[in-house]
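Notes for the one structure printed next.
The values are calculated or read from the model by the stated rules, or taken from the named source; none is laboratory data. What you see is a predicted model, and the numbers here were worked out from it, not measured in a lab. Neighbour counts run over all protein chains shown; Cβ positions are idealised from the backbone, glycine included. The area values use the complete protein model at the heavy-atom level, side chains included, leaving out ligands, DNA and RNA. Shrake-Rupley method; radii C 1.70, N 1.55, O 1.52, S 1.80 Å.
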Amino acid sequence: MMTILYEVRDNLYINLTNRCPCACTFCLRQTRNHMDSSGSLWLDHEPTAAQVIDQLKLRDMTRYTEIVFCGFGEPMEALPVLLEVAAYIKAHYPNPIRINTNGQGNLIHGKNIEPLFKGLIDTMSISLNTPDEDAYDRIVRSKYGKAAHKAMLTFAQNCTRYIPHVVLTTVSTTITKEEESQCQQICDRLGVTYRIREYDS
Ligand code: SF4
């Protein structure tokens, strides 16, 4: 059976899709097929919202600090399912909901999707990776090319109007202290939180 839900530490993760417009040089999918004890996160087919909700009903949701849309792909690729599942969780459980994203959802859908998250998503965690546009392009290798960096930053700023916590992240030890300082300045300018995270968190 394919893995739609899996646990990482005290959070429950939701794996909606394997699609992604990027081919990051560091993508975990290149070197493993699972996270912790998840089993393979490669999907035979993308689950419907009803299939995800059926699996949520089997869980003791009181065990989880946070519910996270993440998985082995970009969650925004499965936006309609994500929104339906998030609405179900909000209506039935108190757990805060986070999306881990590359921030390219507006490019994927060709429109501003930020207002869709109002009242549904508590935290939008976006991979900043590096403060430099050219370095970002080399690392993330988005099919949208150099437009991706600016679109990601704009997405982050727009999200602050609809989502309580907007976080831009870099991975610890992958950039210099000076670059981390530049990332902090970017976050200050956009009005979002900067977080330096571990490789797989
Ligand atoms: S955005 Fe995420 S899923 Fe997509 S290639 Fe990069 S690390 Fe992998």
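Worth pointing out:
- Any hit, region 78-87, residues being within 16 Å of the ligand (Cβ to nearest atom) and surrounded by fewer than 23 Cβ atoms within 10 Å (Cβ to Cβ): yes
- The sole residue among Arg141, Arg189 that is among the basic types (Lys, Arg) and within 20 Å of Gly71 (Cα to Cα) is Arg141.
- Subset of region 21-71 that is farther than 24 Å from Glu84 by Cβ and among the basic types (Lys, Arg) - its residue that is surrounded by the fewest Cβ atoms within 10 Å (Cβ to Cβ): Arg32
- Any chance Lys150 is within 16 Å of the ligand (Cβ to nearest atom), open to solvent by 60 Å² or more (accessible area, probe 1.4 Å), at negative phi and of a type outside the set (Ser, Thr, Tyr): no
- Count - residues of region 35-77 that are in contact (Cβ under 8 Å) with a residue 24 or more places away in the chain, in a helix (DSSP H, G or I), farther than 14 Å from Phe117 by Cβ and not acidic (Asp, Glu): 8
- Residue count for region 108-124, restricted to those that are within 15 Å of the ligand (Cβ to nearest atom) and buried (at least 22 other Cβ atoms within 10 Å of the Cβ): 1
- Elements of the type helices (runs of 4 or more DSSP H) sitting completely within region 128-191 and holding at least 2 residues that are touching a helix residue (DSSP H, G or I) at 6+ places or on another chain (Cβ under 6 Å) and of a type in the set (A, V, I, L, M, F, W, C): these cover 147-159.
- Residues within region 1-34 that are part of a loop (DSSP other than H, G, I, E, B) and within 16 Å of the ligand (Cβ to nearest atom), tallied: 18
- Single residue of region 132-143 satisfying the filter (open to solvent by less than 20 Å² (accessible area, probe 1.4 Å) and in contact (Cβ under 8 Å) with a residue 24 or more places away in the chain) that is farthest from the ligand (Cβ to nearest atom): Ser142
- When residues of region 92-107 are limited to those that are in a loop (DSSP other than H, G, I, E, B) and buried (at least 20 other Cβ atoms within 10 Å of the Cβ), the one nearest to the ligand (Cβ to nearest atom): Asn102
- Here Val192 fulfils each of the conditions (1) in contact with a Cys (Cβ under 9 Å, 6 or more places away or on another chain); (2) closer than 23 Å to Met35 by Cβ; (3) of a type in the set (A, V, I, L, M, F, W, C) apart from (2).
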